[in-house]
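Taking it in order: structure first as structure tokens, then the write-up.
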Amino acid sequence: MTQHTSAHPASQEAIELDAIIIGAGFSGMYQLMSLRDKLGMKVKVLEAGAGVGGTWYWNRYPGARCDSESHSYMFYFSKEMVNEWEWSERYPQQPEILRYLNHVADRFALRSDILLNTRMHAASYDAGRNRWHVRTEQGQHFIAQFLITAVGCLSSANVPQIPGLGDFKGKWYHTGQWPHEGVDFTGKRVGVVGTGSTGIQTIPVVAAQASHLTVFQRTANYSIPARNAPLTETFKRYAKEHSEGIRHIMNTNTNGHPFRMVDRSVTATHPAEREAIMEAAWIKGGLEFRAAFKDTLLDQEANDIVADFVRKKIRQIVKNPAVADLLSDIDHPFAAKRPPVDSNYFETYNRDNVSLVNLRATPIECITADGIKTKDAEYPLDIIIFATGFDAMTGSLLKMDIEGRDGLKLKTSWQAGPRNYLGLQVPGFPNMFTITGPGSPSVLCNLPPAIEQHVNWITDCIRTLRERGLERIEATEQASDEWCAEVNRAANATLLAKVKHSWYLGANVPGKPQVFMPYAGGFGHYTAICNQVAQDNYKGFSLTR
Ligand code: N01
């Protein structure tokens, strides 16, 4: 994998550009290509990592794999690229996705405009010149009309503040900052803290290598079998021949996945029939399970039926009844937290070298030199893996010092939680766009289509400004207030907002304001709103010369 990039500019003199993009993952690379190649703009991407790939550059933990099906987890803006790229499995593993993103960088000659090992630490808006000043930790200074954040929704690692971590004699890792050289678990006693999507992916892989694995579970979780397998030649051909149809489904449905939610209700379906439907969906596997009925996330009674089906499956798989009880004692509605997809997760608890600790009954008290100490026991460990998630959606944005108009800091503007218009722009921050920002479908959606939609919208917006001789666009306060109310309304219309300990609400990070962050009104619906706003002369934005 080649990593040719332009060198850091030698001089510390400010470099003038049309746009600066922060982050070289899916979104940053497509945004670069769009502004540079479609609009002829002078653009640079600042990327903290030593390679492109964003989330997929950092998340190298064992078992890291995408829960979206491979033929949907790619760009569709280039039909040629859809035809030339070949995925090997139903769900791509991290190295394969990283290869794909490197292919994108090479295919569109993006590397020359991506500055690697370059972390932006501050950006401030100069109203007099209508320009953003962007400064990096490496001392560079860029000046650009547009600032576009492409920092990913799940990129700021959340390492819990457990007393004693510094005393631990073994090694510890967060899954989102995994060492590139890998970790050898052979003969090691390993502890995994966290049973979200990441923990559920990594636990079976680590268990197969470690001498003993102890899983520290705070909240039991549903999971649907992925049924991962190599893709057949027939399917590969089908996906290419039907790419336009697949793209249309992804862009017009609720979650950006390559299937539609079936228009039938759990409660209105005869019990025997719905059991057969759930069984078939379980056998098929994957996130499509939650699309078998339209009301699973809307109606508590419907959800209870689906949740009970999954609990029953857990109890069937896990042989030790006490462990099965702990794993199936789930305190939230099915899919109201992001439902994981697994390969042999529950089966792993049938191994002799795996044990489960219930942190609800016996919370972690501290980490000692030798391991993890809970309220009633100490677990000696050589390695601790924190699969404890992220300061999601706002974490990466707020780590940077972003100052908008009249000295307004983003941190101040978002003190009570993220507030913006369409998840795209924050009032007080002219010409700054946030790709898949809070307030957009983002994490409730298969991300590549959500990213394409945002990048296309931003690119069209900038093109329109230029065509009309306009220089500046800013979300209005009123439109932002109305949009925040719509984000809340959409969440409250589902069971998503009922879970109080979800990262969708920021509840996993101590002190973070608890506001439901993604837009739950559906991706197709959201896209239609964005298109209408553009058509109505960017209603809700103020456009000036
Ligand atoms: O993180 P999470 P994740 N002590 O926040 C526990 C995406 N993703 O990395 O639920 C003990 O979901 C926490 O417990 P609780 C996907 O969108 C995508 O797993 O807060 N435990 C929970 O069990 C996903 O939703 C793919 O009680 C602590 C776990 O750690 C998102 O990333 C693959 C703790 C964290 O779960 C995040 O998933 C993987 C503490 N102090 C992930 N703090 C794809 O397929 C936290 N926990 C693309």
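Things worth noting here:
- Failed item in (1) open to solvent by less than 20 Å² (accessible area, probe 1.4 Å); (2) touching a His at 6+ places or on another chain (Cβ under 7 Å), with V341 passing the rest: (2)
- Candidates M33, M41, M120, filtered to the one that is out of contact with any Pro (no Cβ under 7 Å at 6 or more places or on another chain), under 20 Å from W457 (Cβ atoms) and surrounded by 22 or more Cβ atoms within 10 Å (Cβ to Cβ): M33
- Subset tally (residues that are under 17 Å from S68 (Cβ atoms), open to solvent by less than 40 Å² (accessible area, probe 1.4 Å) and not aliphatic (A, V, I, L, M)) for segment 257-285: 4
- Single residue of A485, A528, A493 found to be open to solvent by 40 Å² or more (accessible area, probe 1.4 Å), out of contact with any strand residue (DSSP E or B) (no Cβ under 7 Å at 6 or more places or on another chain) and in contact (Cβ under 8 Å) with a residue 40 or more places away in the chain: A493
- Against the numbered list (1) part of a loop (DSSP other than H, G, I, E, B); (2) within 23 Å of the chain's Cα centre (by Cα); (3) away from the ligand (no atom under 16 Å from the Cβ), H103 comes up short only at (1).
- Residue in segment 137-151 that is within 16 Å of the ligand (Cβ to nearest atom) and over 25 Å from C366 (Cα atoms) present: yes
- F429 fulfils the conditions (1) under 30 Å from H212 (Cα atoms); (2) open to solvent by less than 10 Å² (accessible area, probe 1.4 Å); (3) among the aromatic types (F, W, Y) except for a single criterion, (1).
- Subset of segment 300-310 (residues that are open to solvent by less than 50 Å² (accessible area, probe 1.4 Å) and free of Cβ contacts under 8 Å to residues at least 40 places away in the same chain): A302, I305, F309
- Checking each residue in segment 83-98 for being over 14 Å from F235 (Cα atoms) and either part of a loop (DSSP other than H, G, I, E, B) or away from the ligand (no atom under 16 Å from the Cβ) (or both) picks out E84, P92.
- Scanning segment 54-82 for residues that are open to solvent by 30 Å² or more (accessible area, probe 1.4 Å) and closer than 18 Å to M33 by Cβ, we see that the one that is nearest to the ligand (Cβ to nearest atom) is F77.
- Only one of the listed residues (E288, E365, E378) is crowded, with 17+ Cβ neighbours inside 10 Å and touching a strand residue (DSSP E or B) at 6+ places or on another chain (Cβ under 9 Å). That residue is E288.
- Where L154 falls short, out of the listed (1) under 30 Å from N353 (Cα atoms); (2) out of contact with any Pro (no Cβ under 8 Å at 6 or more places or on another chain); (3) within 13 Å of the ligand (Cβ to nearest atom): (1)
- In segment 335-357, the count of residues that are part of a helix (DSSP H, G or I), more than 16 Å from the ligand (Cβ to nearest atom) and of a type outside the set (V, I, T) is one or more.
- Of all the listed residues (W178, W132), the sole one being outside the structural domain of R360 (by TED's automatic domain parsing), of a type in the set (F, W, Y) and either within 16 Å of the ligand (Cβ to nearest atom) or open to solvent by 30 Å² or more (accessible area, probe 1.4 Å) (or both) is W178.
- Residue ranges of helices (runs of 4 or more DSSP H) in segment 375-470 with at least 2 members closer than 27 Å to E69 by Cβ and within 16 Å of the ligand (Cβ to nearest atom): 447-467
- When residues of segment 368-411 are limited to those that are basic (K, R) and assigned by TED's automatic domain parsing to the domain that holds S211, the one modelled with the lowest pLDDT: K375
- Neighbours by Cβ (under 6 Å, 6+ apart or cross-chain): first from segment 206-218, closer than 12 Å to T195 by Cβ and more than 13 Å from the ligand (Cβ to nearest atom); second in a helix (DSSP H, G or I) and modelled with pLDDT under 95: none
- Failed condition for E474, given (1) in contact (Cβ under 8 Å) with a residue 60 or more places away in the chain; (2) within 17 Å of P333 (Cα to Cα): (2)
The values are calculated or read from the model by the stated rules, or taken from the named source; none is laboratory data. Predicted model, so just to flag it, every value in this text is computed and none were measured. FYI the Cβ positions are ideal-geometry reconstructions off the backbone, even for glycines, and counts take in every protein chain you see. What goes into the accessible areas is simple: the full protein's heavy atoms, side chains included, and nothing from ligands, DNA or RNA. Shrake-Rupley method; radii C 1.70, N 1.55, O 1.52, S 1.80 Å.
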